[in-house]
Amino acid sequence: MRLFAATLLCAITASAQDNIKDLEIIGQIKRQAFDKSQVMDTLSFLSDAYGPRLTASPEFDEAAKWAMDRLRSYGIENVHEEEWGPFGRSWSIESYTADMLAPRYSHLVAAPLAWSSPTSGPVTGELVYAPLPGREYNPTKLAAHLAEFEKKWQGKLKGKIVLVSELPHEDPQTKPDFERYTPAELADLAKAPEPHAEKKIDWNIFEMPEDRAEQRDLFMSLPESAIDELIEKLDVERNKLNAFLQNEGALAVLRTDTRAFNGKLAAEQVGSQKCSVKAGPPTFVVIDEQYSRITRLLDKKVPVTIRLDLRVKESGKDLMAHNIVGEIPGSSKPDEVVMIGAHFDSWHTGTGATDNGAGSAAMIEAMRILKASKLPLKRTVRIGLWSGEEQGLFGSKAYVTKHFADCKTMKTSAEYEKFDAYLNLDNGSGKIRGVYLQGNDAARPLFEKWLAPYSDMGASSISPQNTGGTDHLSFDAVGLPGFQFIQDPLDYETVTHHSDVDTVSHAVPADLMQASAIIATLVYDIANDDAKFPRKPMPEPEKK
């Protein structure tokens, strides 16, 4: 009995000492992340000085060079760019203006859509309201609408400025612009989703909910391959519209969007970035308040004159794109890899601060913290900053295919078995509240243990649900452990997402410091754990 008691006492003492050591390490990480934080300085350079960062643009290349120099200054090794592609045309705005000249002068709150054709100097023209359902997500219905549109407007658009968007018909927003998760909402996230069998989606009858939150939930429930298929089918039809408008000799195109409201613009792309796809006429998105005014004037037969000017710099050929990679070599298991990452690219109207300069800055900061703290790391820690995410996770997919496995064939490389886990940050600058398990139930006790020291900072929620729309899916698609964090919403979805106000002013410094500390802590724990991270079964190859 005495021997047993002594053994038990030794075990308890050893466990207590281990816990003290772990807390000492977390204390080191917190001192670097909080007292010596550089995350906002990094974000400011990425966004204020080098944003926006449209993939393959000169601005992206300049931002990438700065980020690589910063990583090297922190002592990160093997910092380099990895090429993938070809992606498409380089496109960068030199200048633009949009003005209503009659019946009264009004400067239009407008922005060109990416990869839009430029104007040949300032242009004015007669306006035509020719609405096409712009929020149709059923490819079959969209094709039918387009056929009707072409039949109605063929031969009537030459030299005209065409308004192609239906007026948004949505109830005024009742949700606050800025919010944090409540305990009740986090409790809902922690609930298991209702079991359901995976179904083959029939795009002929597919319907998208009108509510944006419901749309997001639906997309998160779809397999990534299904989302890719849907986007590809919709893009085919939308590119047909661009080609029709160009062939008909339309002078320019104006659009609006449900998110282009209250003086805020949301602008993405007008069509394909590929040189092989015919570009449409110069295309601008205009805020709803002004767009609807124009349509009301046209309905009253009041002549409206608009002047547009768009100058862009673009390549005459499809270019290769690049990801940014760097690492801290492991000591005893250097061939095993833990990865962290975020997408580095952005859209072009704001400066890409919350989407996703914030995630990129936090990941760069986590690498700095690990290096500056001189913490021992058994496994190699690697950062990946991805391009082409906004167009379909292209950069991370290319990286995973090159280094680990092809999601179509599930043929793996030698690096596949040596991979440990991937952590991603891409939902604005909100603090981390937990992690989505992405269906990996065996990861729960690990994240519960490693997040426990940050429960007093609000990071304790473990959600069995999946989340979609960002680069962890590229890893998950081939059976590698890939995770996205639960983050406070702040005003990411309501204000900054893909908008012209996506700037550093909307980033919350304390939240990004907290996120950087948590990421550095989890990386330390994963890199030094005795066992490799548990995996889900490898998915089946895609059927031909």
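Residues D456, D345, D177, D99, arranged from fewest to most other Cβ atoms within 10 angstrom of their Cβ, appear as D456, D177, D99, D345. In this label model, A531 and A102 are separated by 7.7 nm, measuring between points 7 Å along each Cα→Cβ vector.
According to the square roots a ≥ b ≥ c of the eigenvalues of the Cα gyration tensor, what is the shape class of the range 314-443, taking rounded for a/c under 1.5, prolate for a/b larger than b/c otherwise, and oblate for the remainder? The shape class here is oblate.
Helix 358-372 sits at what angle to the longest principal axis of the chain, using alpha carbons and giving 0 to 90 degrees rounded to 10? Long axis of 358-372 versus the principal axis of the chain: about 30 degrees.
Relative to one another, the C-alpha centroids of the range 244-308 and the range 459-536 are positioned 35 Å apart. Projected label points at E229 and F178, each 7 Å from Cα along the beta carbon direction, are separated by 4.3 nanometres.
Positive contributions from Lys and Arg (+1) and negative ones from Asp and Glu (-1), summed over other residues with Cβ under 12 Å from the Cβ of E150, come out at +1. Taking other residues whose beta carbon is less than 12 angstrom from the beta carbon of D177, and scoring Lys, Arg as +1 and Asp, Glu as -1, yields -1. Here A243 and R296 are evaluated by their C-beta separation; at R0 = 30 Å the FRET efficiency comes out at 0.50.
Enter the angle in degrees (range 0 to 90, nearest 10) between the Cα long axis of helix 288-299 and the first principal axis of the Cα atoms of the chain, meaning the one along which they spread out most. The angle comes out near 20 degrees. DSSP bridge analysis restricted to the chain gives an antiparallel fraction near 55%, rounded to the nearest 5.
Principal semi-axes of the equivalent ellipsoid, √(5λ) from the alpha carbon gyration tensor of the chain, are 46, 24, 22 Å from largest down.
Could you work out the local net charge near V495, counting Lys and Arg as +1, Asp and Glu as -1, over the other residues with Cβ closer than 12 Å to its Cβ?
-4
Taking the longest Cα principal axis of the chain as reference, the axis of helix 139-153 is set at about 20 degrees.
Taking the highest mean first, how do the peptides 306-316, 181-191 order by number of other beta carbon atoms within 10 angstrom per residue?
306-316, 181-191
Taking label points 7 Å from Cα along the Cα-to-Cβ direction, F34 and I20 give a separation of 2.2 nm.
Annotation: lysines with alpha-carbon distance below 18 angstrom to K278 (same-chain offsets under eight excluded): K158, K233, K240, K313, K317. Is the range 59-204 rounded, prolate or oblate when judged by the Cα gyration tensor, a ≥ b ≥ c being the square roots of its eigenvalues, rounded requiring a/c under 1.5 and prolate requiring a/b larger than b/c? Here the range 59-204 falls in the oblate category. Shape class for the range 353-398, computed from the alpha carbon gyration tensor (a ≥ b ≥ c): oblate, with a/c not under 1.5 and a/b at or below b/c. Annotation: for a label point projected 7 angstrom from Cα along Cα→Cβ of E166, residues of the range 245-260 with backbone N closer than 15 Å are 256-259.
Dividing the helix sum by the residues of the chain, where each DSSP H run of 4 or more adds -39500 (n - 2.57), gives a mean residue ellipticity at 222 nm of -10500 deg cm²/dmol.
Every number in this text was worked out from the coordinates using simple rules, so none of it is lab data. Nothing here was measured: the structure is a model prediction, and the numbers come from that model. Methodologically, a virtual Cβ is constructed for each residue, glycine included, from the backbone with ideal geometry; neighbour enumeration extends over all protein chains shown.
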